[in-house]
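Have a look at the structure below, then the notes.
FYI, it's all coordinate maths here, none of it is from the lab. As the structure is a prediction and not an experimental result, all values here were calculated from the model. Using ideal geometry, Cβ is built from the backbone for each residue, glycine included, and neighbour counts are taken over all protein chains shown.
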Amino acid sequence: MSRKAGRRLFWAVSLFLCLAGFSLSILTGPVRTTPGDLIGFIKAPDRVLSAIFIDLRLSRAVLAFLVGAALALSGAILQGYFRNPMADPFVVGVSSGAALGAVVAAAIGFEAAAFGFSGPGLLAFLSGLGIVSLVYVLSLRRGGFKVETILLTGIAAGALASALTSFFLFMRSDSYDQAVFWLLGSFQLAEWGQAATIAPWVVLCLLASVWLARDMDLLALGDESAQALGSPVRRVRKAFLAMSALLAALSVAVSGIIGFVGLVVPHWVRILIGPGHRALFLSSALAGGTFLLYCDLLARTLLPAELPIGVITAAVGAPFFLYLLHKKR
Amino acid sequence: MFRRNVSPVLSRLLLAALIGFTVSPCSAAQGGGHVPAEHVPYSRALRASGPALPRDAVIPQIVKDDLGRPFPLPARTPERIVSMAPNITEILFALGLGGRVVGVTRFCDWPSEAKAIPKIGGLIDPNIEVIRSLDPDLVIAFRGNPLRLVDRVRKLGLPVFVLDIGEGLDELFPLIVKIGRVTRTEGRAAELVAGLQSRVAAVDARLRGALSRPKVFALLYGQGLWTCGGESYLDDIIARAGGVNVASSLPKKWALYKRERIIKDDPDVIFVLARSEADFASGRGRLARTPGVDGVAAVRTGRIFELDENAASRFGPRLIDVLVRMAALLHPDELGGRT
């Protein structure tokens, strides 16, 4: 199969799965609803069904899709940025920093909600971006700008943030329930306000990354070669780092830490459609969103009580990833 | 050429957007988001309740729930009530509202009619979608329900009234009064409270002449020596029943007690909070076999008694039954024959 045909197939399948995922999400839930109910609802809207279909299920599906897209895009960007397949939003410390913010907010009872973010969400967003800025500044001071330095600084800062998170959890064991929500992720509290807050930024970052995709391709040749070929390497790097941090921090702020999506989805996509960044960014966003949509569906239907979604992403994502990896060889 | 000119602009734009976004939520948090509940304008509090208000309502009276949030009183008794905690369910039934309760937690098993009511999930995992589907006109939540879930229910436009439990028996009566108020059954609530208070007063009167104050250890049946600390309402009930809780100095609701401390405290009476006769027997047997504990006064004299865990663990009317039973067991001379 030619690469082009393969890509078309990938897109067709992804789009189909995505639409099917949305339909399933709207029809599935603890309150039994049939497609007939949905059609009836569209013909004659009803207060209770409107709350269930639109305010609860659809808003949740949309948010899960957006977060999945944001995390996968963030991961795809960072893997290109570091030229390292292990990179994901965790390595630059965004996720750990954001988790620290959320847990501290839960521990001190910070409740100032704004822009559809809850108090902990707001603090998660700020501390996630804060830690990346810190990592960036620290890396700059060590003479010039080296990818290895930022990677190692990020890992160290992330570890420090995780240690502080554990400390706060230990001190305030009664906020355990909140902590699970932030450390393993959930879309249980999804609402339209959150989707509306993050949607413009996800779209903006997606467009910008697609626009800059050729520069990312050049970075794969090494910074000097890319510079020689006319790419403004430092600016491109800054833009990509800012975008990946923003995407990851927004995701954590609305849904807690959801691991694995940012790491694995770009790999799936690369295995299926090749390494060109323009297609990679677009496809990762679509595949990541679709993947998280199904994970959330499982998280809320598998057991009577809701599972944290982080459990599902790893449990479903890892075996599928191993399968693709070995099939490829 | 084009690309090379655009990239720096774009990167700068993105950075600016990033900074702008980082700053604006801060200012909003200080400005808009931090309005204390009592400053919410009257009209906004009304609007927030939106569809819940009956159409023919005159301007409703505003009361505050235990979170300090304004709540417009319904004009008449709600028809479809969801209770998010067992003690609330129990009080609703005691007020004669059982027929109007349309949703309860899976722990709501008293009175037994409550078992047949649709379940909304548990205390910490209530299901928002199920609550919404029951189309309630009043949701009574409890402070132990995760606040973020309670708020999500409120954002769906449902009228949510949040109640706390107390640290002492005296706080039970205002709780009943509040539930009576919000369900517009003020009269029945007053009667219920008066009845319960007279039973408490009777215990107080009989104990006035009591000379001793036995030392009490309350064991929660299960793994380890879990007991109630000074912040629990059971500590208060033990005191009102004329005893002294040996774990009273622990500044907690529930605490894991050290075996050495029980031996040192040497309680005169041990209450085992058990779900069944069998649990009680096995709890008593375990105490008697625990090295050291087998020598404390309560075990030696056989003053180990069962308390109904179901009644004692719920901040509801049955706590008075627990009080009466406890007092009778601690002071058989003063309250003899009244178990």
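If R₀ is 56 angstrom, what is the calculated FRET efficiency for the pair residue A:228 and residue B:79, using the beta carbon separation as r and rounding to 0.05?
0.15
Quick one: check the C-alpha center-to-center distance for segment B:59-133 versus segment A:1-72, whole angstrom.
Using only Cα atoms to place each centre, the spacing works out to 32 Å.
For the pair residue B:197/residue A:20, report the inter-label distance in nm, with labels modelled 7 Å from Cα in the Cβ direction.
6.6
Where a Cα-Cα gap under 14 Å defines reach, which aspartates and glutamates qualify for residue B:115, not counting those fewer than 8 residues away within the same chain?
In chain and number order, the partners are B:90.
Whole Å is fine, so just give me how far the alpha carbon centre of segment A:240-304 lies from that of segment B:252-319.
Cα centroid to Cα centroid, the span is 53 Å.
Place a point 7 Å from Cα of residue B:213 in the direction of its Cβ. Which residues in segment B:235-260 have their backbone N less than 16 Å from it?
Once the point is set 7 Å along Cα→Cβ of residue B:213, B:235-250 turn out to lie under 16 Å by backbone N, inside segment B:235-260.
Please give me, ordered by residue number, the trypsin sites (Lys or Arg not before Pro) of segment A:1-82 that lie in loop per DSSP and have at most 13 other Cβ atoms within 10 Å.
Here the sparse-neighbourhood loop sites are A:32.
Given the pairs A:4/A:146; B:215/B:258; B:155/B:253, which span a C-alpha to C-alpha distance of over 27 angstrom in this model?
From the list (A:4/A:146; B:215/B:258; B:155/B:253), the Cα-Cα distance tops 27 Å for A:4/A:146; B:155/B:253.
Give me B:289, B:213, B:152 ranked fewest to most by other Cβ atoms within 10 Å of their Cβ, as a rough exposure proxy.
Listing B:289, B:213, B:152 from fewest to most nearby Cβ atoms yields B:289, B:213, B:152.
Which of the aspartates and glutamates could a cross-linker bridge to residue A:43, judged by Cα under 19 Å and excluding same-chain residues fewer than eight apart?
A:55
As an exercise, use a Förster radius of 56 Å and the Cβ-Cβ distance of residue A:203 and residue B:109 to find the FRET efficiency, rounded to the nearest 0.05.
Here the calculated transfer efficiency is 0.65.
Once whole DSSP H runs in chain A are found, which of them have Cα atoms spread over 20 Å or more along the helix axis and a mean Kyte-Doolittle score of at least 1.0?
Those that pass (Cα extent of 20 Å or more, hydropathy at least 1.0) are A:3-27, A:59-82, A:94-108, A:119-141, A:147-171, A:192-211, A:233-255, A:309-328.
I need A:326, A:277 ordered by Cβ neighbour count within 10 Å, fewest first.
Taking fewest neighbouring Cβ atoms as first place, the list is A:326, A:277.
Residue B:290 versus residue A:156, label points 7 Å from Cα toward the beta carbon: distance in nm?
It is 5.0 nm.
Ranked by Cβ crowding within 10 angstrom, fewest neighbours first, how are B:125, A:177 ordered?
Fewest to most other Cβ atoms nearby, the residues stand as A:177, B:125.
Two decimals is fine: what's Rg over Rh for segment A:193-305, C-alpha atoms, Kirkwood radius as Rh?
Here the Rg-to-Rh quotient is 1.03.
For peptide B:128-135, compute the average count of partner chain beta-carbon atoms within 10 Å of each residue's beta-carbon.
6
In Å, what is the Rg of the alpha-carbon atoms in segment B:232-339, and how long is Dmax?
13.6, 38
Using a Gaussian network model of chain A with C-alpha springs under 10 Å, which one of A:92, A:311, A:13 is most mobile by mean-square fluctuation?
Result for chain A, Cα springs under 10 Å: A:13 fluctuates most.
Top mean-square fluctuation among A:52, A:42, A:309, Gaussian network model of chain A, C-alpha springs under 10 Å?
Of A:52, A:42, A:309, the most mobile in the Gaussian network model is A:42.
So how compact is segment B:114-206: Cα radius of gyration and Dmax in angstrom?
Expressed in Å, the Cα Rg and Dmax of segment B:114-206 come to 16.0, 51.
Rounded if a/c is under 1.5, else prolate if a/b beats b/c, else oblate: with a ≥ b ≥ c from the C-alpha gyration tensor eigenvalues square-rooted, which is the protein assembly as shown?
prolate
Rounded, prolate or oblate: which fits chain A when a ≥ b ≥ c are the square roots of the eigenvalues of the alpha-carbon gyration tensor, with rounded for a/c under 1.5 and prolate only if a/b beats b/c?
Verdict is oblate for chain A.
Run the reach check for residue B:64 against lysines, Cα to Cα strictly under 17 Å, same-chain hits fewer than 8 apart removed. What comes back?
Reachable lysines: B:178.
In nm, give the distance between the simple-model label positions of residue A:271 and residue A:140, each being 7 Å from the Cα along the Cα-to-Cβ direction.
3.9
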